[in-house]
Structure formats: structure tokens, C-alpha cells
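A.B. asks: Below is a structure I'd like to ask you about.
Where a number appears in this text, it was derived from the coordinates with a stated rule and is not lab data. Computed from a predicted structure; not experimentally measured. FYI the Cβ positions are ideal-geometry reconstructions off the backbone, even for glycines, and counts take in every protein chain you see.
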Amino acid sequence: MVLKLEGKRFGRLTVIGRAAEKDKTGRCWLWECLCDCGNTCLVPGNWLTHGKKRSCGCLQKENRENDVTGQRFGHLTAVRPTEKTVRKGIVWVWRCDCGNLVEATIDAIKSGGRRSCGCRNLAIKKRQAVEMQAGCGRQDGTALSLLKSNIVYTHNTSGYRGVSWHRTLQKWTARINFRGKTYNLGYYDSAEEASAAYQRAKKEMHEKYIMEQEIKNDDNSN
Ligand SMILES: [Zn+2]
Ligand SMILES: [Zn+2]
């Protein structure tokens with residue numbers, strides 16, 4: 001059987017034409033190939049057709065030098081190199097945490113800031129939209145974005161969030177705002193104690209609330 005391989009591409013190799021010699025076994029013709037890297041090489045025809053050789057050797061060399069198999073960047077884990085090469089190197093297959101497979105060069109992942117198949121961008125945008133909605137419209141009178149922050153407001157006298165000095169009682173008092181209402185959490189001798197009361201209440205009330213909201217928002221979007 002005479003193979004017709006001229007002009008065909010196998011991986012990085014383009015077949016120039018059949019050489020005058022056969023391989024070591026004397027059974028298979030050698031074909032001269034031009035590799036994408038510029039090298040030429042002689043390859044037995046059946047190696048080409050069986051996918052045994054797909055470059056002059058430069059592909060394996062690059063893979064060896066730059067093997068990222070199993071390495072994780074953000075939500076993407078390197079699965080295997082493809083046979084595709086672009087200017088910035090070998091294109092790899094990456095598995096996203098969500099299960100999607102994407103193709104990109106190592107360079108694009110490392111320096112391009114690509115950290116997922118795209119699903120994370122959506123998730124982040126969704127979260128921002130939820131917070132914006134909560135911040136502007138206020139759901140049930142409580143702004144999610146305010147709840148989540150631990151910013152100490154400048155008019156606060158204690159340096160602790162939710163804690164202020166009660167001048168008449170000469171005590172520290174903790175208050176928490178929740179769903180449009182202010183709850184008094186008691187009076188304390190030290191700002192630290194008042195802050196601890198605030199943090200306890202915050203944990204109980206707000207985290208439960210945020211969880212409920214997020215579950216609700218997830219349900220709404222499905
Ligand atoms: Zn090559
Ligand atoms: Zn994904």
C-alpha cells in the first residue's frame with residue numbers, strides 16, 4: 001500500500017514528500033516533514049498515520065520543560081497539553097472546578113488572570129448584583145453589603161463596631177441594627193465586653209440572615 005501523505009498535517013508536522021530511504025525495518029518509507037518550529041525531520045509513514053510522531057521532537061521537549069499537569073491556578077487544573085500551539089506556547093486542556101473543560105496556554109492562565117472557565121465571573125457578577133440591589137433597594141430594611149462589612153464608622157467613639165459610650169450611665173453600650181430596627185445589647189464596663197456582645201449578636205442575626213438571603217437569591221436565579 002502506498003501512502004499519500006504529501007501536504008498532510010500531523011500535529012505540528014506538514015509532510016513535504018517521501019524520502020528516498022526506508023526506515024530501519026526496511027518496510028516503511030520515510031517521509032520528510034516540516035515542523036512548525038522550522039526543523040525538518042524524517043518520519044516513517046506509519047508513525048504519522050498512527051499519531052506516534054507529531055513534531056520534530058520540540059513538542060515533547062516543550063512539554064517536559066513546561067509540564068504543569070495537575071497544577072492548579074485559581075479554579076483551573078491543568079489536565080494535558082494539546083497538539084495545538086499558538087505564539088505564546090502550547091495550548092493546554094484545563095478542568096474548571098465546575099467541571100467544564102477549557103483550552104488555553106499556560107501563559108494565558110498564569111499572566112492573563114484567567115482563573116475559571118468563565119463561571120466564576122458570572123458568580124462574582126451575580127454576587128455584586130445582589131449586593132448592589134441590597135445596598136440601593138435594601139431588602140427587608142437590611143443592606144447585605146453593610147452587614148458583610150466590618151468597617152468601623154468614623155462617628156463611632158469606641159473604635160469597635162456597634163459599641164458606643166453612654167454618657168448618662170457612664171457605661172459602654174452595644175447596639176445592633178437589624179431589618180430596620182435597633183436592638184440594645186446591654187451595658188458593659190469595658191468596650192471590649194460590649195464589642196464581644198455585638199459580635200455574638202452579629203454572628204447569630206446577620207449570618208443567619210445572609211445565609212437565608214443567599215439561599216433565596218440562589219433559588220430566584222434558578
Ligand atoms: Zn519542531
Ligand atoms: Zn467553571
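A.B. asks: For segment 9-58, what size does the Cα cloud have along each of its three principal axes, sorted from largest down, in whole Å?
C.D. replies: 28, 20, 15 Å, listed from the longest principal axis down.
A.B. asks: How big is the dipole moment of segment 9-58 about its Cα centre under a simple scheme where the beta carbon of each Lys and Arg is +1, that of each Asp and Glu is -1, and everything else is neutral? Debye, nearest 20, please. Provide the component values of the computation, followed by the final result.
C.D. replies: Numbers: 9 positive and 4 negative charges, 39 e Å.
Taking the Cα centre of segment 9-58 as origin, the dipole is about 180 debye.
A.B. asks: Compute the length gained on full extension between E83 and T25: take 0.36 nm times their separation in residues and subtract their Cα-Cα distance, giving the result in nm to one decimal.
C.D. replies: Numbers: separation 58, 0.36 × 58 = 20.88 nm, distance 2.80 nm.
Going from the current span to full extension adds 18.1 nm.
A.B. asks: Here's another thing I want to ask about it. Which GluC sites (Glu not before Pro) in segment 1-50 sit in a loop by DSSP (not H, G, I, E or B) and have at most 16 other Cβ atoms within 10 Å of their own Cβ? Could the numbers behind the result be given before it?
C.D. replies: On the way: sites: E6, E21, E32; in loops: E6.
Filter output for segment 1-50: E6.
A.B. asks: Still on this model: Under the classification rounded if a/c is under 1.5, otherwise prolate if a/b is larger than b/c and oblate if not, where does segment 66-117 fall, given a ≥ b ≥ c as square roots of the Cα gyration tensor eigenvalues? Write down the numbers at each step before the final one.
C.D. replies: Numbers: a/c = 1.66, a/b = 1.38, b/c = 1.20.
Note, shape of segment 66-117 comes out prolate.
A.B. asks: In segment 1-92, which trypsin sites (Lys or Arg not before Pro) are in a loop and have at most 13 other Cβ atoms within 10 Å, using DSSP for the loop call? Write down the numbers at each step before the final one.
C.D. replies: Values: sites: K4, K8, R9, R12, R18, K22, K24, R27, K52, K53, R54, K61, R64, R72, K84, R87, K88; in loops: K4, K8, R12, K24, R27, K52, K53, R54, R87, K88.
Qualifying residues, ordered by number: K4, K24, R27, K52, R87, K88.
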